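The values are calculated or read from the model by the stated rules, or taken from the named source; none is laboratory data. Note that this is a predicted model, so its numbers are computed, not measured. When we count neighbours, we look across all protein chains shown, and the Cβ atoms used for this are built from the backbone with ideal geometry, even at glycine. Keep in mind that these areas ignore ligands, DNA and RNA; they rest on the heavy atoms of the full protein, side chains included. Shrake-Rupley method; radii C 1.70, N 1.55, O 1.52, S 1.80 Å.
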Amino acid sequence: MVGPMYDFLANPLGAVRLTFDKTIGSGTDPSSFDGKDWGAVDLFRHFLFDQARLSQVPILNVATINWIKPNTLVRFRGMIQDMLGNELYVGAYKDDSVWRTNKFMDISQCPVELNSPDMRLWERRLLYCVPVPGLNSWAESTSEVAVNMCMDSTSEQRDKRRRMDIEAVDPNDFPVSGDESEDSPSAKRMREDPSSSQYLDPKNEGPSSSHVILPDVDRDSLPCLVKIYDSPESELKLNDVFEFVGVLTFDSELLSEKVDQDEFSNGLGDDVSVNLPPNKVPRLHCVIHRKLTVYDFLQNSPLTEPKPHLVKEAREALLRHLTSILGNDGVAAHFMLLHLLSRVHARADNVAVGKLSLNLTCISKEIASVFGTRLSIVIKNLLPVTKCIPLTVEYLNMASLAPKKDYQINRLIPGVLQLAEGSHLMFDETCLETGTLNSVGVENARLLKALTELQKVEYDFKYYKMEMMADVQMLILSEGKSNILPADIIMPFQPSSAGSSEVVPAEVLEAWRWYLATVRSMPHLIEADMQQVVENDLVIARQADRSLGSQDFSRWLTMGRLISASFGETSLTLEHWQMVKELERLRIDRLK
């Protein structure tokens, strides 16, 4: 039996080179590949998706970095935390009479003059990506088959690597040519032919192993420098969550000496390898990328079609559980369900349409220690990305909430509020005591207010501020109405029992996660006849209470949409609109 022509997993660069050689051999000019692919990506896409081999690709994280070989195919799931601009590299060059390619490689081989017609300069984008902030353990992707393959293939080297990790590394052990790092914006350092066995075989990498993570690296959060090829800039945006599939390089031989800019810099002022040394931050040369949705974080989705009876069953069971957790406060449980289903689905002027922040009041420290803790656990088990923040004067005065640009290292320093779309924030204000806010605290309070009201976060670029759109669910626990976080719904909490902390079976949790993800993403509209009913009710309500304004009416419409969605409906019905009015009546009664 003839084996496969390409080994996409163990030797992806071989597949890239072979397809390049084949295309050039057919008479194609290398200049036609400026910013384009020659068919290699299509082969990878066919292998990964048409042949359903994606699950065989190892996931790159702190648990697998010690097992995955360099120059093999890996996956990295993360949020784009910073965009470092573009860099030029020698994409193709002529070796005697034969054209070669350096695409998807760290080191650019180029034995010809830089301005020679026998070489092509190509461009790639640099993205600094991090694991999704607040991602819960159940939502982390696993690839046991791929990890086992990596472990089996490296078992013979395990003891050797352990010895390597504790050896002192002498820089003189690594002869380096006079040229410079490929990650530098300046001229690229040359290296031995990447097609040689020494380049491809990690056993020949020397004592500075590609698998070593330095002690000062956060062991719980492995960042990755992702290099993007041939993709429009509009496809990848700051804070988007992607899965990148590509060639891993973790090469500690790359120079980390700062160099001056020259014709290769393309405006990238600082050497990436200085601020992101390759022996701390692995490089991934991306072949294929795809934007992730909440469905991609569900490990065992029970089904794909939202059948009405299954949606209804999941809704009833989840609502019962929320009611039990909240001490049999059914009204609070209904509002909690709507809050968990909310999302920003449109923007009109300065209004984020669809958000529904919730402030549970009448909660003391003692009550928060019981119900707040249970609620936090429940939300963590239901939503993939969550954070719980105890809000105190000290926290406000010291926390770095907004991302800030550091021009000395040319990096965007992350802040607490740099979050992926669909994240959930729970603020515990019950620890907030009387105190004085300094300038940082005042600015942080302003940032939180803007996020709550407008779903925007101001990023600090030192010389100017830039507003970034957000879509973050916000839950506030407090004794009285929060002045820092002005929520859409103020809901006095009135438990009638101590509540329950029952353990929910894993399959039930999976069904609830699927339910929330499914109905939250459903489209919604209001038919013409219901529009008239809603308009009439709003007029009557305004006549009865002149204090009602556009924000109240917008909130009611959002509640109507969410109640309909909670039943799996895509249009507002009279029954659901009546439920909105009844919930509002019960809430207002508690506020009196």
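Select, from GLU421, GLU507, the only residue that is under 24 Å from ARG520 (Cβ atoms), out of contact with any helix residue (DSSP H, G or I) (no Cβ under 9 Å at 6 or more places or on another chain) and not in a loop (DSSP other than H, G, I, E, B).
Answer to the check: GLU507.
Conditions first: (1) open to solvent by less than 60 Å² (accessible area, probe 1.4 Å); (2) in contact (Cβ under 8 Å) with a residue 12 or more places away in the chain; (3) not hydroxyl-bearing (Ser, Thr, Tyr). LEU548 passes all but one, so which condition is the exception?
Among (1) open to solvent by less than 60 Å² (accessible area, probe 1.4 Å); (2) in contact (Cβ under 8 Å) with a residue 12 or more places away in the chain; (3) not hydroxyl-bearing (Ser, Thr, Tyr), LEU548 violates only (2).
Is it true that some residue in the range 451-458 is within 30 Å of ARG411 (Cβ to Cβ), surrounded by 12 or more Cβ atoms within 10 Å (Cβ to Cβ), among the β-branched types (Val, Ile, Thr) and touching a residue at least 60 places away in the same chain (Cβ under 8 Å)?
Yes, the range 451-458 has at least one match.
Looking at the range 354-395, which of the residues that are among the β-branched types (Val, Ile, Thr) and open to solvent by 40 Å² or more (accessible area, probe 1.4 Å) is farthest from ILE490 (Cα to Cα)?
Step by step, filter the range 354-395, then rank; the result is ILE377.
Which residues, taken from the range 389-409, are modelled with pLDDT of 95 or more, in contact with a helix residue (DSSP H, G or I) (Cβ under 9 Å, 6 or more places away or on another chain) and assigned to a loop (DSSP other than H, G, I, E, B)?
LEU391, THR392, ALA399, SER400, LEU401, ALA402
Exactly one of (1) within 25 Å of PRO278 (Cα to Cα); (2) at pLDDT below 95; (3) over 19 Å from the mean Cα position of the chain (by Cα) is unmet by LEU84. Its number?
Failed condition: (3).
Working only within the range 477-492, note down all residues that are buried (at least 18 other Cβ atoms within 10 Å of the Cβ) and touching a Cys at 6+ places or on another chain (Cβ under 8 Å).
PRO492
LEU268 versus (1) surrounded by 17 or more Cβ atoms within 10 Å (Cβ to Cβ); (2) modelled with pLDDT of 50 or more; (3) among the aliphatic types (A, V, I, L, M): which is the lone unmet condition?
Here LEU268 meets the rest and fails (2).
Which count do you get for residues in the range 299-334 that are in a loop (DSSP other than H, G, I, E, B) and in contact with a Phe, Trp or Tyr (Cβ under 6 Å, 6 or more places away or on another chain)?
Residues meeting the conditions: 2.
Condition first: open to solvent by 30 Å² or more (accessible area, probe 1.4 Å), at pLDDT 90 or above and part of a helix (DSSP H, G or I). Can you find one or more residues in the range 30-41 that meet it?
Looking through the range 30-41, none of the residues is open to solvent by 30 Å² or more (accessible area, probe 1.4 Å), at pLDDT 90 or above and part of a helix (DSSP H, G or I).
For every residue, the table says whether it meets (1) hydroxyl-bearing (Ser, Thr, Tyr); (2) closer than 22 Å to SER357 by Cβ; (3) part of a helix (DSSP H, G or I); (4) open to solvent by 30 Å² or more (accessible area, probe 1.4 Å).
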{"residue": "GLN532", "(1), (2), (3), (4)": "no, no, yes, yes"}
{"residue": "GLU535", "(1), (2), (3), (4)": "no, no, yes, yes"}
{"residue": "ILE540", "(1), (2), (3), (4)": "no, no, yes, yes"}
{"residue": "LEU557", "(1), (2), (3), (4)": "no, yes, yes, yes"}
{"residue": "ALA565", "(1), (2), (3), (4)": "no, yes, yes, no"}
{"residue": "GLU569", "(1), (2), (3), (4)": "no, no, no, yes"}
{"residue": "GLU582", "(1), (2), (3), (4)": "no, yes, yes, yes"}
{"residue": "ARG590", "(1), (2), (3), (4)": "no, yes, yes, yes"}
